[in-house]
Each structure stands twice: as C-alpha cells, then as structure tokens.
1. Here's a check for you: in the stretch 199-212, which residue that is at pLDDT below 90 and more than 30 Å from residue 247 (Cβ to Cβ) is surrounded by the most Cβ atoms within 10 Å (Cβ to Cβ)?
2. Residue 184: surrounded by fewer than 17 Cβ atoms within 10 Å (Cβ to Cβ), at pLDDT 95 or above and in contact with a helix residue (DSSP H, G or I) (Cβ under 6 Å, 6 or more places away or on another chain), yes or no?
3. Collect the residues in the stretch 57-105 that are among the small types (Gly, Ala, Ser), at pLDDT below 95 and outside any loop (DSSP other than H, G, I, E, B), keeping them in residue-number order.
4. Scan (1) buried (at least 21 other Cβ atoms within 10 Å of the Cβ); (2) not in a strand (DSSP E or B) for the single condition residue 113 breaks and write down its number.
5. Quick test of your reading of the structure: residue 85 fulfils all but one of (1) surrounded by 16 or more Cβ atoms within 10 Å (Cβ to Cβ); (2) closer than 19 Å to residue 133 by Cβ; (3) touching a helix residue (DSSP H, G or I) at 6+ places or on another chain (Cβ under 9 Å). Name the failing condition by number.
6. Quickly run through the stretch 230-248 and pick out the residues that are outside any helix (DSSP H, G or I), surrounded by 19 or more Cβ atoms within 10 Å (Cβ to Cβ) and out of contact with any helix residue (DSSP H, G or I) (no Cβ under 6 Å at 6 or more places or on another chain).
7. Out of the residues in the stretch 12-44 that are among the hydrophobic types (A, V, I, L, M, F, W, C), within 24 Å of the chain's Cα centre (by Cα) and part of a helix (DSSP H, G or I), state the one that is farthest from residue 90 (Cα to Cα).
Amino acid sequence: MGYAIFDYDPSLQGFEADIDLRMNNYKHKKKQLLTNAVSLSEFANGHEYFGFHKTQDGWLYREWAPAAEEVYLTGDMNGWKWLDLPLKRLDNGVWEIFLQGQNALYDGCHVKTIIRKNGQLFDRIPLYAKRVVQDPVTYTWCAQVCDETPYKWKHNAFVPDKKLFIYECHIGMAQDEQRVATFDEFRQNTLPRIKKLGYNVLQIMAIMEHPYYGSFGYQVSNFFAVSSRFGKPNDLKRLIDEAHGMGIAVLLDVVHSHAVRNT
C-alpha cells in the first residue's frame with residue numbers, strides 16, 4: 001500500500017503487513033462507530049447528547065443500551081425504587097427520560113441505571129456519568145449528579161510554547177502525607193514549584209474514574225467522569241486555567257486500553 005511513515009523510517013518497511021493489519025482494523029472499527037455519526041469528533045462528543053442534562057423545565061437523561069429490554073433510572077430522588085422511572089426506547093439503542101422540574105435532580109444526588117436483559121435486572125452506573133463516587137463503608141460505586149456553575153475561564157487566549165519541557169505527575173501522590181491529594185492542593189502547592197523549575201508543560205497521569213487507586217488511573221471505569229478522589233470537574237478546570245496563566249500547557253493522559261467492568 002505504501003505509507004508516508006516509510007519516508008521517515010525506512011526500517012519499518014519490513015513490517016508493512018502488520019501496519020496494513022492495524023490500518024484495516026482501524027478502518028473497520030471506525031465504520032462501526034460512525035454508523036449513526038458524521039465524524040469521529042461527533043462520536044467522541046457523545047456526552048453532549050447522552051447522560052444528564054439540566055434544562056429550563058427539568059432534567060433530561062439519555063442512555064445507550066442497544067441490548068436492553070427495559071431501562072430505568074433510580075436514586076436518592078425516588079427512594080431507590082428500581083422500577084418507578086422507566087426510560088422510553090428511541091432509535092439505535094438510545095433510551096430517554098425527562099424529569100419535570102429543575103429540582104427533580106440536584107447536585108450530589110446519587111443515581112444508578114437499571115437494565116432488564118433476558119428477564120433479569122442489573123444495576124449499572126450510567127455510561128456517560130460525569131461524577132462517580134465510592135461509599136467509604138461498603139466500597140460500592142454509584143453515579144452522582146454534578147450540577148456545578150459553569151466554569152468561567154480566565155486565560156482563553158493562552159498559546160503553548162512550541163518547545164516542550166514536560167513535567168509528568170500524579171495528582172494524588174503529589175504531596176508528603178499518607179493520603180490522596182486533591183486538584184486544589186496540587187494547584188496551590190505543587191504548580192508554583194513546577195513553574196519555578198522552568199517547566200512549560202504539565203502532563204497529568206490518568207484522572208478518569210477508576211475503582212482501584214493502585215492502578216494510578218489506568219484501569220478506567222468511567223471515561224467521562226473526573227476521579228472523585230481528586231475533586232470535582234471545576235476543580236480540575238481551575239487547575240488547568242491557573243497553569244495556563246503561568247504559561248504552562250496541560251496534557252491529560254487518556255486511557256482506552258485498560259477499561260474495567262462498569263459495575
């Protein structure tokens with residue numbers, strides 16, 4: 001087939017068959033993903049359609065569950081009655097429910113999705129949840145509605161330096177005490193030291209939600225949820241914004257190959 005990469009590294013020509021296999025796998029998977037989407041960007045931004053969205057009249061929740069026979073929403077707002085709030089089946093495996101009133105859901109409200117398949121009921125964490133928390137006693141996980149005021153960025157005009165000097169870090173371990181540090185603590189205590197050392201890029205190890213802390217964030221359970229161990233989404237945005245104000249670009253590790261069961 002011929003690839004431009006051979007112009008940069010001729011030694012790879014002996015592996016053209018393997019590269020062909022990877023490219024064909026990529027094209028096949030891309031075709032699968034884009035069945036109902038215009039582009040990869042549209043597919044990747046599915047969280048703008050799925051998940052929980054506050055409107056003027058209430059809350060809209062959508063889930064993608066093509067193999068489900070029935071889907072329900074449950075949580076603090078209805079006393080955890082599993083079958084009280086059924087979702088309506090739309091096209092292409094999409095399910096939807098509208099909850100009337102802006103207080104139908106609220107910040108901190110714990111929720112789960114109930115799936116009926118083959119006659120059995122399963123409780124699951126909503127796929128596009130933006131916040132997932134662990135009970136400190138039972139160690140079970142559930143989604144939590146995050147109704148934060150939209151963050152107002154202060155440094156929208158930031159342009160990163162083209163010559164990168166990268167500082168890789170892990171938010172939770174960036175302190176001396178035997179506990180997990182937070183985004184705010186990193187922003188206040190560690191970020192100034194990174195700036196003083198002359199770095200212009202901050203690379204943060206995986207921060208998507210992960211049940212096993214010892215995985216350093218590389219066994220992801222919820223791709224759209226910032227780990228609750230470190231704080232809320234606005235805390236991360238504030239850290240990034242302040243880094244930009246110091247002239248520091250921020251890279252976030254995105255992990256797709258070490259997913260764990262989302263239960």
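The values are calculated or read from the model by the stated rules, or taken from the named source; none is laboratory data. On a predicted model such as this, the values are computed, not experimentally measured, just so you know. All Cβ positions, glycine included, derive from the backbone under ideal geometry; neighbour counts span all protein chains shown.
1. In this case the residue turns out to be 211.
2. Working: surrounded by fewer than 17 Cβ atoms within 10 Å (Cβ to Cβ): yes; at pLDDT 95 or above: yes; in contact with a helix residue (DSSP H, G or I) (Cβ under 6 Å, 6 or more places away or on another chain): yes.
So residue 184 passes the test.
3. none
4. (2)
5. Residue 85 satisfies all of (1) surrounded by 16 or more Cβ atoms within 10 Å (Cβ to Cβ); (2) closer than 19 Å to residue 133 by Cβ; (3) touching a helix residue (DSSP H, G or I) at 6+ places or on another chain (Cβ under 9 Å) except (2).
6. Listed by number, the residues that qualify are 232, 248.
7. 40
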